[in-house]
Structures are given as C-alpha cells and as structure tokens.
Amino acid sequence: MGTDPFQLFDEWFAKAQASEPSDPNAMALATTDSEKRPSVRIVLMKAHGPDGFVFYTNQHSRKGEELAHNPFAALLFHWKSLRRQVRVEGNVSLVSSEEADAYFATRSRDSQLGAWASSQSRALPSRAEFERRYDEMKAKFEDVEVPRPPHWGGYRVVPERIEFWSDRPHRLHERRLFTRGAGGWTESLLYP
Ligand SMILES: Cc1cc2nc3c(=O)[nH]c(=O)nc-3n(C[C@H](O)[C@H](O)[C@H](O)COP(=O)(O)O)c2cc1C
C-alpha cells in the first residue's frame, strides 16, 4: 500500500515553507535541446497538485524553445536546511490561457511590465536598452490594466516519477521512489 506522493509532497513543502530562509518554491528545471543537450535553471513553482507542478515563463525563452522541441522535463527541489531533495520527471504541457491570465493578474504591475519589456534569453546590448524598453511599456500601458503578453505563460510538468530523498546518518540516506503506472502510483525504495 503506497502513500500518495502528492500528500507526501505537501507535507515536505509545508515544512520547507516553515524552515527555508528564501524561496522554498524554487526548483531547478532541466530541459534538452534538439541535440539532446541538457540545460538547467531555477524557476518558481506557482501551483502544484495531482495535476502537476506549474511554473511561468516566456515561451520564446531558451527553456520555452527547448520544451517546444521536447516537452519533457525534470525538476529538482533542494531544501538545504532540511537536508532533503525531491526529483520530479514527466511530460510538460501549457496551462490554459485562463489559468495563465489569472496568475498574471496577481503579479505586481512592475513585473507585468517586465514581462513585456524582456525578450528573455535573447542578447541584450546594454542595461540601458532594457530600461528604455521598460519605460516604453510603462507609457504604452499607462492608465490601463497590463494584459498578459501572448508569449508569456505557464507550463505544467505532469509527473510520472517522483523521488523523495532524505538525509540519514552515515550516508545511509533514504530514497523513496513513486512511479505512475496504469493502475496508479507504486512506491519502492532505491539504494542511496
Ligand atoms: C530564485 C529564482 C527564481 C526564478 N524564477 C523564475 C521563474 O519563475 N520564471 C522564469 O522564467 N525565470 C525565473 N528565474 C530566472 C531563470 O533562472 C532563468 O535565468 C531565466 O528563466 C532564463 O532561462 P532560459 O534562458 O534557460 O530560458 C529565476 C531565477 C532564480 C534564481
């Protein structure tokens, strides 16, 4: 009888929220390009549950382009002060435009304008150029609500594998692996 991995994730995440000094929702996101070369960066998890783990970004960014080639990703949470990590792997899909709109509306006006001003992952000739574009967007949307840019949205990593790693004395660490099959989730252990 396996535990529900999402219930376990909720317990661990609640503990991380209580103990991590900053960004307990920060997770490394690994993607691959068309030549199977991996790249990794940190993003913030903005929603999670049995449907998957959601983050928001620019779809024209390097990660966005890589996900368009290969919609499969790996995520990694490392909660240093708890000495724990969680690894998640699965297919990636775009969140609905309604869900992305709703989240975009909760962001500060400055970050909304930043989403318009930043051609994320593209070469930037100078910091001044970025500031100029930001001011341009500020003027463009003066006195109106800032709409979500069409190229800015959310991705949901739908896990088929979740591993919970916790530190144990003498490096006899615990690794609990949950894999999704036709009948639901199965739990097993891995050697550390
Ligand atoms: C703590 C932290 C949180 C971040 N959160 C996000 C995020 O939620 N979305 C995002 O697009 N970039 C986020 N970034 C920036 C990314 O790490 C990365 O620089 C950016 O998305 C461009 O990545 P790419 O060129 O591989 O697409 C964050 C960085 C840090 C250090």
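Data table
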quantity	calculated
Filtered residues of the stretch 16-34 (kept if among the hydrophobic types (A, V, I, L, M, F, W, C) and touching a residue at least 12 places away in the same chain (Cβ under 8 Å))	A16, A26, M27, A28, L29, A30
So W116, is it in a helix (DSSP H, G or I) and among the hydrophobic types (A, V, I, L, M, F, W, C)	yes
Some residue of the stretch 21-36 being among the polar types (S, T, N, Q), farther than 22 Å from G114 by Cβ and open to solvent by 10 Å² or more (accessible area, probe 1.4 Å)	yes
Matching strands (runs of 3 or more DSSP E) fully within the stretch 1-67 where at least 3 residues are within 16 Å of the ligand (Cβ to nearest atom) and either at pLDDT 95 or above or hydrophobic (A, V, I, L, M, F, W, C) (or both)	26-32, 38-44, 52-58
Selection from the stretch 62-111 of residues that are over 22 Å from A30 (Cα atoms) and charged (D, E, K, R)	E98, E99, D101, R107, R109, D110
Failed item in (1) outside any strand (DSSP E or B); (2) buried (at least 16 other Cβ atoms within 10 Å of the Cβ), with E142 passing the rest	(2)
Single residue of the stretch 161-185 satisfying the filter (open to solvent by 80 Å² or more (accessible area, probe 1.4 Å) and at pLDDT 95 or above) that is farthest from R107 (Cα to Cα)	R180
Qualifying positions in the stretch 84-102 - surrounded by fewer than 17 Cβ atoms within 10 Å (Cβ to Cβ) and farther than 30 Å from G181 by Cβ	S97, E98, D101, A102
Total residues in the stretch 74-112, condition in contact with a helix residue (DSSP H, G or I) (Cβ under 6 Å, 6 or more places away or on another chain) and part of a strand (DSSP E or B)	2
Among the residues listed as S108, S121, the single one being in contact with a Lys or Arg (Cβ under 6 Å, 6 or more places away or on another chain) and surrounded by fewer than 18 Cβ atoms within 10 Å (Cβ to Cβ)	S121
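One line per residue, one yes/no per condition, for (1) open to solvent by less than 70 Å² (accessible area, probe 1.4 Å); (2) among the hydrophobic types (A, V, I, L, M, F, W, C):
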site	(1), (2)
F130	yes, yes
K138	no, no
P147	yes, no
H151	yes, no
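The values are calculated or read from the model by the stated rules, or taken from the named source; none is laboratory data. This is a predicted model, so every value here is computed, not measured. Please note: Cβ atoms are built from the backbone with ideal geometry, for glycine as well, and neighbour counts cover all protein chains shown. Please note that ligands, DNA and RNA were not included when accessible areas were found on the heavy atoms of the full protein model with its side chains. Shrake-Rupley method; radii C 1.70, N 1.55, O 1.52, S 1.80 Å.
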